[in-house]
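Accompanying notes for the structure given below.
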Amino acid sequence: MTKPLIGITTNTKSNINMGELTLNITYAPTELMTAIEQSGGIPWLIPVMDPHIATSYIQRLDGLILTGGQDVSPNLYGQTPHEKTDAGHLERDQFEIALINASIHHKKPLLGICRGMQLYNVALGGTLYQDHDINPQSTLTHVQKNSHTHESTHAVTFSQSSRLFNVLGPNISVNSYHHQSLDQLADALTVVGRAEDGLIEACEHHTLPHYLVQWHPEWMYAYDTASSQLFYHFIQSCSPDA
Ligand code: MN
């Protein structure tokens with residue numbers, strides 16, 4: 001089987017002090033690259049670039065993973081920033097929206113993680129709750145503290161008709177590091193997984209192999225069967241021979 005080439009979106013930081021050097025860096029979680037490689041794929045980091053070259057990336061890739069990070073810029077879904085919304089990274093948002101649109105156009109598999117799920121929903125016309133304080137549904141702790149990133153703190157229950165149900169079963173335990181959540185859902189998406197308080201934790205595209213999760217399976221990958229199953233099935237589905 002040909003190993004699929006999996007694009008990973010990245011974050012940037014400026015003026016990082018590294019001893020005698022001050023650097024501008026591009027980065028992504030190391031655990032994600034390990035999970036892709038061990039699931040049979042080739043990880044390929046994508047820097048934040050001009051949206052015009054998004055299609056060139058997607059044409060060469062077999063699948064795309066949208067990583068976590070900053071809050072999505074609220075003006076992209078018609079809102080002004082809430083006091084708890086962070087400064088964001090508009091260039092990153094705009095480039096990743098172009099990657100999402102190209103993935104839809106070229107029907108390439110996509111996995112959105114945390115911010116990746118939120119940005120995907122916004123890119124297709126949905127909206128977000130800018131903080132759990134303004135989501136009446138949120139009664140659980142979705143920003144876990146005093147625990148390791150691989151430790152789970154709440155459950156997710158999947159609908160029986162979903163593709164993720166077939167891969168992960170009726171329910172799993174997940175970690176939680178998000179202060180925002182999905183509000184209005186984009187038309188092309190179906191909610192397939194919810195936390196005990198009803199918060200949206202997983203979505204699927206109606207027709208495309210696009211999967212969105214609110215938790216961080218890459219940080220649980222080395223410790224948790226469901227997370228390794230999720231990566232294995234996603235990476236295998238990206239193979240050009242699949
Ligand atoms: Mn959560």
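Only residues of the stretch 133-166 count here: report those whose backbone N is under 17 Å from the spot 7 Å along Cα→Cβ of residue 191, or say none.
133-142, 155-165
Of the listed pairs 13/145; 108/145; 3/107; 84/108, which have alpha-carbon separations greater than 28 Å here? Can you show the working numbers first?
On the way: 13/145 24 Å; 108/145 36 Å; 3/107 18 Å; 84/108 34 Å.
Checking Cα-Cα distances, 108/145; 84/108 exceed 28 Å.
For a label point 7 angstrom out from the Cα of residue 239 toward its Cβ, which stretches of the stretch 28-70 have the backbone nitrogen within less than 11 Å?
Under 11 Å, as judged by backbone N against the label point of residue 239, lie 40-41 of the stretch 28-70.
Using the crude model of +1 on Lys and Arg Cβ and -1 on Asp and Glu Cβ, and no other charge, please compute the dipole size for the chain relative to its Cα centre, in debye to 20.
On the way: 11 positive and 23 negative charges, 103 e Å.
Its charge dipole is roughly 500 debye.
Using Cα-Cα distances under 8 Å and only pairs 6 or more residues apart, what relative contact order does the stretch 1-72 have, in percent? Can you show the working numbers first?
Working: 94 pairs, mean separation 33.6, N = 72.
About 47 percent, as a whole number.
Normalised radius of gyration for the chain, please: alpha carbon Rg relative to 2.2 N^0.38 Å, two decimal places. Don't skip to the answer; put the middle values down first.
Details: Rg = 17.0 Å, N = 242, 2.2 N^0.38 = 17.7 Å.
Ratio of Cα Rg to 2.2 N^0.38 Å: 0.96.
Residues in the stretch 125-165 near a label at residue 225, defined as backbone nitrogen under 16 Å from the 7 Å Cα→Cβ point?
Residues passing the 16 Å test: 165.
Round to the nearest 0.05 the FRET efficiency obtained for residue 206 and residue 20 when R0 = 45 Å and r is the Cβ-Cβ distance.
On the way: r = 53 Å, r/R0 = 1.18.
It comes out at approximately 0.25.
Using the crude model of +1 on Lys and Arg Cβ and -1 on Asp and Glu Cβ, and no other charge, please compute the dipole size for the stretch 64-123 relative to its Cα centre, in debye to 20. Walk me through the intermediate numbers first.
Numbers: 5 positive and 6 negative charges, 63 e Å.
My answer is approximately 300 debye.
Counting Lys +1, Arg +1, Asp -1, Glu -1, what net charge surrounds residue 168 among other residues with beta carbon under 14 Å of its beta carbon? Walk me through the numbers on the way to the answer.
On the way: positive: 163, 194; negative: 201, 204, 224.
Once all neighbours under 14 Å are counted, the net charge is -1.
Quick one: net charge around residue 180, please, counting Lys, Arg +1 and Asp, Glu -1 for every other residue with C-beta under 11 Å from its C-beta. Before the final figure, lay out the partial values.
Numbers: positive: 84, 115; negative: 71, 86, 131, 133, 183.
Spelling it out: positives minus negatives among the neighbours equals -3.
I'd like the distance between the alpha-carbon centres of the stretch 12-57 and the stretch 108-146, rounded to an integer number of Å.
Centre-to-centre (Cα) distance: 22 Å.
What does the net charge come to around residue 93 if you take all other residues with beta carbon closer than 14 Å to its beta carbon, with K and R at +1 and D and E at -1?
Details: positive: 92, 115; negative: 50, 71, 86, 91, 96.
Spelling it out: positives minus negatives among the neighbours equals -3.
Could you give the alpha-carbon Rg of the stretch 191-242 over 2.2 N^0.38 Å, rounded to two decimals? All intermediate terms of the calculation are to be shown ahead of the outcome.
Values: Rg = 12.4 Å, N = 52, 2.2 N^0.38 = 9.9 Å.
Computed over Cα atoms of the stretch 191-242, the ratio equals 1.26.
Project the alpha carbons of the stretch 141-232 onto their principal axes and report the range along each, largest first, in whole Å.
So the three principal-axis extents are 38, 28, 18 Å.
So, in nm, how far is label residue 159 from label residue 134 when the simple model puts each one 7 Å beyond its Cα toward the Cβ?
2.7 nm
Compare 220, 49 by solvent-accessible area with a 1.4 Å probe and give them largest first, with all protein chains kept in place.
Numbers: 220 5, 49 80 Å².
Result of the area sort, largest leading: 49, 220.
Using a Gaussian network model of the chain whose springs link C-alpha atoms within less than 10 Å, name the residue from 121, 15, 101 with the highest mean-square fluctuation.
Looking only at 121, 15, 101, the largest GNM fluctuation is found for 15.
Percent of accessible area on the chain owned by carbon and sulfur, 1.4 Å probe? All intermediate terms of the calculation are to be shown ahead of the outcome.
On the way: 5650 of 11170 Å².
About 51 percent, which is the carbon plus sulfur part of the accessible surface.
How large is the charge dipole for the stretch 1-109, taken about the Cα centre, if only the Cβ atoms of Lys, Arg (+1) and Asp, Glu (-1) carry charge, to the nearest 20 debye?
Values: 7 positive and 11 negative charges, 80 e Å.
About 380 debye.
Can you compute the helix-only [θ] at 222 nm over the chain? Use -39500 (n - 2.57) per DSSP H run of at least 4 residues, normalise by all residues, nearest 500 deg cm²/dmol. Intermediate values should be presented prior to the final figure.
On the way: 7 runs with 65 residues, N = 242.
Calculated at 222 nm, the ellipticity per residue is -7500 deg cm²/dmol.
State in Å² the accessible area per residue of the stretch 19-153; use a 1.4 Å probe, count heavy atoms of protein chains only, and round to the nearest integer.
Working: 6670 Å² over 135 residues.
Heavy-atom SASA per residue in the stretch 19-153 reads 49 Å².
The values are calculated or read from the model by the stated rules, or taken from the named source; none is laboratory data. All of these numbers come straight from a predicted model, not from anything done at the bench. Backbone-built Cβ (ideal geometry, glycine too); neighbour counts: all protein chains shown. We work out accessible area using only protein heavy atoms, side chains counted, and drop any ligands, DNA or RNA first. Shrake-Rupley method; radii C 1.70, N 1.55, O 1.52, S 1.80 Å.
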